[in-house]
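A.B. asks: Supplied in structure tokens, the structure appears directly below.
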Amino acid sequence: GCKSIVWRCCSRLEATNHACHNRTVNETLLEQVVIDAINRVLCQKDDFMQTLRANIATVVLQGGLSPEVIDERLNKLQKELLKKINQKDDYDAIADEILQLRDQRHQAEVDSVIKNEQMKQIQDLQDFVKSQPTTITEFNETLVSRLISKITVFDDHFTADFKSSITIDIEA
């Protein structure tokens, strides 16, 4: 089985009513796994830079209409709505579309924030990889929190998930 952890899943030092059946991982071992994962990225710079460029392309292509396109359609519909109201025509269909577009606009804004964060995370890893001439030898918690989203512990290996959508397996 596997359990996702940040640094500790549960503590066997604290008295609790729950039995913890997760694998015990020494913090020093976990730190070394993180260093190994980061160094694997650094040792295969060209491959990972290509993967990161592909990840950027995927992020750019995903998503629906932009907030600006939705705003243009909303403005057009609002003008049509005013005409229909002034001519005493039925305007229910236009009003319904306006309400739907407002919901889509809100979702587009949320998606845009998520997309920007994904792009920043990918760019952070690209910048780090480009700036490192050699491998790292010491654990740096700040660096890890910038680059890695989680470490998954398996019976026979660890998986490091980078925030940039790269995953590295490290043998246990």
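The values are calculated or read from the model by the stated rules, or taken from the named source; none is laboratory data. Note that this is a predicted model, so its numbers are computed, not measured. Positions of Cβ are backbone-derived with ideal geometry, glycine not excepted, and every protein chain shown enters the neighbour counts. All accessible areas refer to the heavy atoms of the entire protein, side chains included, with ligands and DNA or RNA removed. Shrake-Rupley method; radii C 1.70, N 1.55, O 1.52, S 1.80 Å.
A.B. asks: Going by what's in this entry, would LEU99 be described as farther than 22 Å from GLU72 by Cα, aliphatic (A, V, I, L, M) and part of a helix (DSSP H, G or I)? Write out each step before concluding.
C.D. replies: Values: farther than 22 Å from GLU72 by Cα: no; aliphatic (A, V, I, L, M): yes; part of a helix (DSSP H, G or I): yes.
No; evaluated as a whole, the condition is false for this residue.
A.B. asks: So, one more: Please indicate, with yes or no, whether at least one residue in the range 22-42 is modelled with pLDDT of 90 or more and acidic (Asp, Glu).
C.D. replies: Checking the range 22-42: at least one residue is modelled with pLDDT of 90 or more and acidic (Asp, Glu).
A.B. asks: Which of the residues spanning the range 35-64 are hydrophobic (A, V, I, L, M, F, W, C), surrounded by 15 or more Cβ atoms within 10 Å (Cβ to Cβ) and over 20 Å from the mean Cα position of the chain (by Cα)?
C.D. replies: Result: ILE35, LEU42.
A.B. asks: Give the range 131-149 a look and list any residue that's assigned to a helix (DSSP H, G or I), without any contact (Cβ under 8 Å) to a residue 12 or more places away in the chain and open to solvent by 90 Å² or more (accessible area, probe 1.4 Å), or say none. If you could, list the steps in order and put the result at the bottom.
C.D. replies: Taking the range 131-149 as the starting set, the residues that turn out to be assigned to a helix (DSSP H, G or I) are 131, 141-147.
Filter once more, so that each one left must be without any contact (Cβ under 8 Å) to a residue 12 or more places away in the chain: 131, 141-142, 145.
Selection gives GLU141, THR142.
A.B. asks: Within the group LYS79, LYS83, LYS88, which residue is open to solvent by 80 Å² or more (accessible area, probe 1.4 Å), over 23 Å from PHE128 (Cβ atoms), assigned to a loop (DSSP other than H, G, I, E, B) and of a type in the set (D, E, K, R)?
C.D. replies: Exactly one of LYS79, LYS83, LYS88 is open to solvent by 80 Å² or more (accessible area, probe 1.4 Å), over 23 Å from PHE128 (Cβ atoms), assigned to a loop (DSSP other than H, G, I, E, B) and of a type in the set (D, E, K, R), namely LYS88.
A.B. asks: Further, regarding this structure: Output the number of residues of the range 32-69 satisfying the condition of being over 30 Å from GLU138 (Cα atoms) and either hydrophobic (A, V, I, L, M, F, W, C) or part of a helix (DSSP H, G or I) (or both).
C.D. replies: Here the count works out to 9.
A.B. asks: Given the residues SER131, SER164, which is the only one that is closer than 30 Å to THR28 by Cα, under 17 Å from the mean Cα position of the chain (by Cα) and of a type outside the set (Val, Ile, Thr)?
C.D. replies: The match here is SER164.
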